[in-house]
Structures are given as C-alpha cells and as structure tokens.
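Enquirer: Structure incoming, see below.
The values are calculated or read from the model by the stated rules, or taken from the named source; none is laboratory data. Fair warning: this is a prediction, and the values are worked out from it, not measured in the lab. Cβ placement follows ideal geometry from the backbone for every residue including glycine, while neighbour counts extend to all protein chains displayed.
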Number of protein chains: 2
Amino acid sequence: MIETPYLLFLGDAPDGLAAKVAQGIKDWRPKNAVGQFRMEGCKADMRLPDMTLEEARAAGAKTLVIGVANRGGIISAAWKKVLVQALEEGFDLASGLHNLLRDEPDLVAVAKATGRQLHDVRVPSVQYPIANGVKRSGKRCLAVGTDCSVGKMYTALCMDREMKARGMKSSFRATGQTGILITGDGVPLDAVIADFMAGSVEWLTPDNDADHWDMIEGQGSLFHVSYSGVTMALIHGGQPDALVVCHEPTREHMRGLPGYKLPSLEQVRDMALQLAKVANPACQVIGYAINTQHMGDDEAQAYLADVETRLGLPATDPYRYGSDKLVDALAAL
Amino acid sequence: MIETPYLLFLGDAPDGLAAKVAQGIKDWRPKNAVGQFRMEGCKADMRLPDMTLEEARAAGAKTLVIGVANRGGIISAAWKKVLVQALEEGFDLASGLHNLLRDEPDLVAVAKATGRQLHDVRVPSVQYPIANGVKRSGKRCLAVGTDCSVGKMYTALCMDREMKARGMKSSFRATGQTGILITGDGVPLDAVIADFMAGSVEWLTPDNDADHWDMIEGQGSLFHVSYSGVTMALIHGGQPDALVVCHEPTREHMRGLPGYKLPSLEQVRDMALQLAKVANPACQVIGYAINTQHMGDDEAQAYLADVETRLGLPATDPYRYGSDKLVDALAAL
C-alpha cells in the first residue's frame, strides 16, 4: 500500500505521452496528487501546481511517484539527485519502471538511513496463495479484450467512477503497474509466478458485501498468444459475475504480432463466457466498451449503434460518451 | 542441462510412492541411471544396482539426482551428509524439491569449493523471451487434460518412445520438475513469471526438421481454475499441430477443488482446439489417452471402445495398452 497523496515526478519528460502514469493519476485520482515536480526541459504538464519538494511536503504529500518513463533504460544522475533529496525530505518513492529502485544502491542506502519506503510496483511484494476456486461473496466485473491495450483499464475506471457517483459500492482492482500507481495498490499480474496467478486475483478480490462490485482491470487477451495465460488466470481467479468486452476497431493486427488478426467481438464474447462459467456458472456478458479514439464522432456513433444491433447488448465508448449504459446493465443484474 | 548418467538418491524413502521421480527416470530413461543410493531404512527399490558414491563415480555417474520427496519440508542432516560427500567426490546435484539446494549455505559452500553444480529444477535458470507467435518449422504435439495429474506426462513419454522405436524424429519436451529430471532439461513452467510463460514454451520447442515432432508435456487443465493460465500458455506458446486429450475416468472432482466437476472429453476437445487454432489454424485433435489404472481390464477396454465410438477418434491407455493408435494418427497427419 502506497501512502497518498502524491507529488507527481515528471522529470525531463520529452512530451505528454511519456508521462502517462502521471496522466492516469491526474485523470482518475486527482485528489491523490497535490502537485507536480518538473525538471528543466520537461515538456509534460498535468496542469497541477508546480511544487518544490519542500512545498509538496508542506501541502501534505507523502510519496513521490515517478509518473514518467525513463529513457535508455537507466535512472539518470539528474533524476537520482531529486530522488535522493526526496527521501531525505521525508518522501517515500513509488515507481513502475523496469529498472527497480531497489536495485540502485544509493537509493537503498538513503532510504534505509531515513526510514523511507521504496515501492517498485512492477514486482509483487506479496506471497500469493494458489487459487482455491471457492465462491466468494460480493460481485465482480472483469474487462476482457480483443487485444492488449484496447482500453480495459479505462473501462473499469470509468465504470467505477460512475458507480461511486450513483452511490453503488465499487472498488477498482488494479492488475497492472499504471493501475497500481493510480490507486495505491493492486497486483502486478504480469510479474506473478505462473502457479500463483489465479490465486493473486482471488487475493485481490476477496469476500465482500453482497452488493459490492470489484471492477477488475483486465490484462492481455485470450486471443493474444504472448499473454493469454494471464487473461485466463484473471477469468478463473476473478470469478466474474459480469464481463465487459473491450475493443479498438481500427487496429490492423494484434499488438506486437503482425501475423495475427484481431478476433471478432462475437469470438471474444463466446470464448470468455464459456471459460468464465467454469468458475462462475452465472457469469454474463453485459456489454461492449469500444475505444473510438481514432474515429470521428459520426463514425464512432455509427459503430456503436451497429454493435448494439448486431450483438443485442449496450455498447459505448465509456471514456468519450460515458459508461452509464454499462453501469445500468450491471445494476440490473 | 543436467549431466548424465545419474546415481539415483532414494534416501530413507518410506515407500515406493515417495520415490516417484526416481521411478520416472527408471521407467523412461533407464540408461540415464547407473544405480541407486539407499540409506538405512529405505523402503523404495528401483531394482537398480545399489552403489556407494565411489562405485557410482567409477561407473561413470556424473550427477546425484534426488529421486525422492523429503519429509517435513526440510533437508535432513542425514541427507545433507550424503549430499556434501557427493559434491566432494565430484558429483553435481540435481533436485526438484521445494527446498532449494541453493538455499542451503553448506551445500553452496562445498559446491563452490569443489567446482560442482547445484541444479534446482523447480526454478528457471533461463531468462525466457516474451512469445512472438511466429510460426516455427517442425511439428508439435501437446497433451491436454480434463484435470491435473491425469497422465499427460506419461502419454507424451509413451508416444515419444514409440515414435523413436519406429524411427520417427521425436523429442519429449518436459515442462515440469519430474519431466526435467527424467530428461535432463526442460522448462519448469509453473515457476515461470506470467509474462514469459508462452515465450518459455516457444523457447523449449524451437524450429526443427519438418518431420520432427516435439512431444510437449502438458500441465494443468483449461478447466482447472488454479492452473488454467499455465495450460493456456502451453497451447499458445506450443503452437501444437496435434492435441491428445487425456483423462482419468474415476476421478470425482477436479484435483484439489472439491466443488468442481470434471469437464467432458467433448468440452476439453472443443475448447482446447478453438484456442489452439489461434496460434495454429491447422491444429487437430488426434485422439484420447485414458488413464485406466483404477479400472479392471474389461472395464477399461469397454470405456476405450465407448470413447472411440462416441468421439470418432482413437482412444487408448498408452501406458497400459501402448500408444500405437495415437502414433499412427500423428504419422497420418
């Protein structure tokens, strides 16, 4: 569990895209960020107050979150200087970088001397159990996709926000690095050891109130040969009561796999549902979340209308047009 | 890669069942075992020559393989004494125990001093790639099951033996600890990090001669909620051309999951085939391997005949009645 609120470290980000972790926190948990820390030459801007470390501490910030990708696979000397100073001023550090903070001897030494925490969310910090498949109380909704990076995290976050706004009981359950940094906890599923994957998802979504929904961030796709095992573990460990199928219509092949075409929505619906029923026979597909960011408004609306007609369930771009339809469907279950 | 041949360490095994790793080596790679080492009170017997460490070295043994489960989760002082002496006499050590040899400081010290290797096959020793899904040359056959521990390893080993006897090109590809110790190499798939599972299977079954078959040991089941992600990674990483469906008809529920019934052969056939076609559209189910160890001969034969009639493909208990039918089907592909 990472202590909030955060100061978002944007470093010397070459553009806004490099700071997608910071953007995710700003978009989804704005109250978790008191300000941003930018170095000379930083081209990203979260439209948060620019703060020195001292100012951010005074404003209550507990953790400096690295909200930007690093270049060249190293933590630069310029970054290091800020990180060391942050530890000395009382911040914990949190990072989703491939280079682990814990592998930097100087950071480890200063953290030890100052009693601060180094959170590397890319690697698990918990010894997860093997899944036992026992039915848990409470409800769970899982986002599954035709491919990787089609909007599964944003779909779950959108629905979670809408459910909270309606006074429904809901928790977004992060299963990836960005999601974990946004919310402060979760399971970095792609870094979990094979035997414990489904167990880590059970651990992440424990018994809860009968009317509480875990909105589980999906990973990969049953049709993505590199990562389908991770998706499978989410479907069986998550015991979902509801599935939302996510898709990005303009993609020409599976991400990173030029020889592989995307499956149809029907294929994902049928395959995911069959497999989900092994762990939860009552599971239902409740709708479609379409990432229309590369489509004009008319094209997007026509696509959504076509999906609804063809598949007979609500379809929306939850980030662009809201997730009401999907939440209505969950509420009606 | 573990150096062969082996001396099989049976320790103080309370019965034959505790020595199933040694039994597997004896059954499947008898030439890999020059003899057995038994301590006082050992109740297991592989019907191999009993040898001292010195005699085994003289007979050419390179590695002492721990062929027996340990009791109480510790490596006892009595075992330790033999293991240290083996290192001193020039043996490498190989073990599939949960307690790792490398976590025993005295073994590490002696191995270092004597220049010997400690092989812990329960954990990967390779940095596996992420799967790229690129079609590989050569043929692959994967054993999939209705459940865990229904005979997938024995099926692949039986078929591999029969294929070699016929002069076909075949390699058994181990994906579990016992299989790795039997053959000397493989991937301990259940201990691989999630993102690299499918890649480790690609690594294990690389490009090969067009008429060469990799006989891949299966793991788990698509219908076993604890381990289905591992099975999924085998199906997509393995790119199988052929699937053999394995089953144990007398089992009352999924192994370790009292609330879960076994799927039918039809369900496993259909689900595994659909998923396998994502990575290899030409994949076919070629037959059924039924573990009839808990059935009398009449009952077993009737069961197999019924499967053949119902499903229209060859069915056999490969360990009991031979794997000819299944190998015929592979050869005919």
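Enquirer: Please go through (1) out of contact with any strand residue (DSSP E or B) (no Cβ under 6 Å at 6 or more places or on another chain); (2) within 23 Å of A:S221 (Cβ to Cβ) for B:P188 and return the number of the only condition it doesn't satisfy.
Expert: Here B:P188 clears every test but (2).
Enquirer: For B:G90, only one of the following conditions fails: (1) closer than 23 Å to B:S125 by Cα; (2) crowded, with 16+ Cβ neighbours inside 10 Å; (3) touching a helix residue (DSSP H, G or I) at 6+ places or on another chain (Cβ under 8 Å); (4) not polar (S, T, N, Q). What is its number?
Expert: (2)
Enquirer: Another question, if that's okay. Somewhere in segment A:145-154, is a residue surrounded by 23 or more Cβ atoms within 10 Å (Cβ to Cβ), within 14 Å of chain B (Cβ to nearest Cβ) and more than 21 Å from the chain's Cα centre (by Cα)?
Expert: no
Enquirer: Of all the strands (runs of 3 or more DSSP E) wholly in segment A:159-268, which have at least 2 residues that are among the aliphatic types (A, V, I, L, M) and more than 13 Å from every other protein chain (Cβ to nearest Cβ)?
Expert: Here the list reads A:212-216, A:242-247.
Enquirer: Considering only segment A:269-317, state which residues are outside any helix (DSSP H, G or I), within 14 Å of chain B (Cβ to nearest Cβ) and touching a Pro at 6+ places or on another chain (Cβ under 9 Å).
Expert: A:N280, A:C283
Enquirer: Considering only segment B:33-76, state which residues are under 16 Å from B:A94 (Cα atoms), surrounded by fewer than 21 Cβ atoms within 10 Å (Cβ to Cβ) and either touching a His at 6+ places or on another chain (Cβ under 9 Å) or of a type in the set (S, T, N, Q) (or both).
Expert: B:N70
Results for (1) closer than 20 Å to A:A272 by Cα; (2) in contact with a His (Cβ under 7 Å, 6 or more places away or on another chain), shown as yes or no for each residue.
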site	(1), (2)
A:C148	yes, yes
A:E162	no, no
A:I180	no, no
A:D195	no, no
A:D207	no, no
A:S228	yes, yes
A:V244	yes, no
A:H247	yes, no
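Enquirer: From the list A:G229, A:G218, A:G238, A:G179, pick out the single residue that is in contact with a Phe, Trp or Tyr (Cβ under 9 Å, 6 or more places away or on another chain), in contact (Cβ under 8 Å) with a residue 12 or more places away in the chain and either crowded, with 24+ Cβ neighbours inside 10 Å or within 23 Å of A:P263 (Cα to Cα) (or both).
Expert: Going through A:G229, A:G218, A:G238, A:G179 in turn, the sole match is A:G179.
Enquirer: Here's something else I'd like to know. Please identify the pairs in which a residue from segment A:42-70 that is under 18 Å from A:E3 (Cα atoms) has its Cβ atom under 7 Å from the Cβ atom of a residue that is surrounded by fewer than 18 Cβ atoms within 10 Å (Cβ to Cβ) and modelled with pLDDT of 95 or more, counting only partners at least 6 apart or on another chain.
Expert: If the second residue must be surrounded by fewer than 18 Cβ atoms within 10 Å (Cβ to Cβ) and modelled with pLDDT of 95 or more, the pairs left are A:L53/A:Q85; A:L53/A:E89; A:E54/A:E89; A:R57/A:E89; A:R57/A:G90; A:K62/A:E3; A:T63/A:E3.
Enquirer: Also: Since A:V123 meets every condition but one in (1) in contact (Cβ under 8 Å) with a residue 40 or more places away in the chain; (2) closer than 30 Å to A:V285 by Cα; (3) surrounded by fewer than 21 Cβ atoms within 10 Å (Cβ to Cβ), which condition does it not meet?
Expert: Failed condition: (2).
Enquirer: Another one. Residue check: is A:L262 at pLDDT 95 or above, in contact with a Leu (Cβ under 7 Å, 6 or more places away or on another chain) and surrounded by 14 or more Cβ atoms within 10 Å (Cβ to Cβ)?
Expert: Values: at pLDDT 95 or above: yes; in contact with a Leu (Cβ under 7 Å, 6 or more places away or on another chain): no; surrounded by 14 or more Cβ atoms within 10 Å (Cβ to Cβ): yes.
In short, no.
Enquirer: Of the conditions (1) surrounded by fewer than 23 Cβ atoms within 10 Å (Cβ to Cβ); (2) touching a helix residue (DSSP H, G or I) at 6+ places or on another chain (Cβ under 7 Å); (3) under 21 Å from A:L262 (Cα atoms); (4) among the hydrophobic types (A, V, I, L, M, F, W, C), B:A282 clears all except one; give me its number.
Expert: (2)
Enquirer: Filter segment A:122-141 down to the residues that are at pLDDT 95 or above and more than 14 Å from chain B (Cβ to nearest Cβ) and list them by number.
Expert: A:S137, A:G138, A:K139, A:C141
Enquirer: Can you name the residue in segment B:43-62 that is hydrophobic (A, V, I, L, M, F, W, C) and in a helix (DSSP H, G or I) and is also farthest from B:K80 (Cα to Cα) among such residues?
Expert: Ranking the candidates gives B:A58 first.
Enquirer: Go through the residues of segment B:245-252 one by one and say whether even a single one is closer than 19 Å to B:W213 by Cβ, modelled with pLDDT of 95 or more and under 25 Å from the mean Cα position of the chain (by Cα).
Expert: Yes, the conditions are met somewhere in segment B:245-252.
Enquirer: What number of residues within segment A:265-279 are surrounded by 13 or more Cβ atoms within 10 Å (Cβ to Cβ) and over 16 Å from A:M232 (Cα atoms)?
Expert: Total satisfying the criteria: 1.
Enquirer: Then there is this: For B:V192, indicate whether it is out of contact with any Leu (no Cβ under 9 Å at 6 or more places or on another chain) and at pLDDT 95 or above.
Expert: Against the criterion (out of contact with any Leu (no Cβ under 9 Å at 6 or more places or on another chain) and at pLDDT 95 or above), B:V192 qualifies.
Enquirer: Just to check your reading of the model, which residue among B:I193, B:I216 is within 15 Å of the chain's Cα centre (by Cα) and of a type outside the set (S, T, N, Q)?
Expert: The conditions single out B:I216.
Enquirer: A further question follows. Within segment B:270-294, work out how many residues are among the hydrophobic types (A, V, I, L, M, F, W, C) and within 15 Å of B:V307 (Cα to Cα).
Expert: 4
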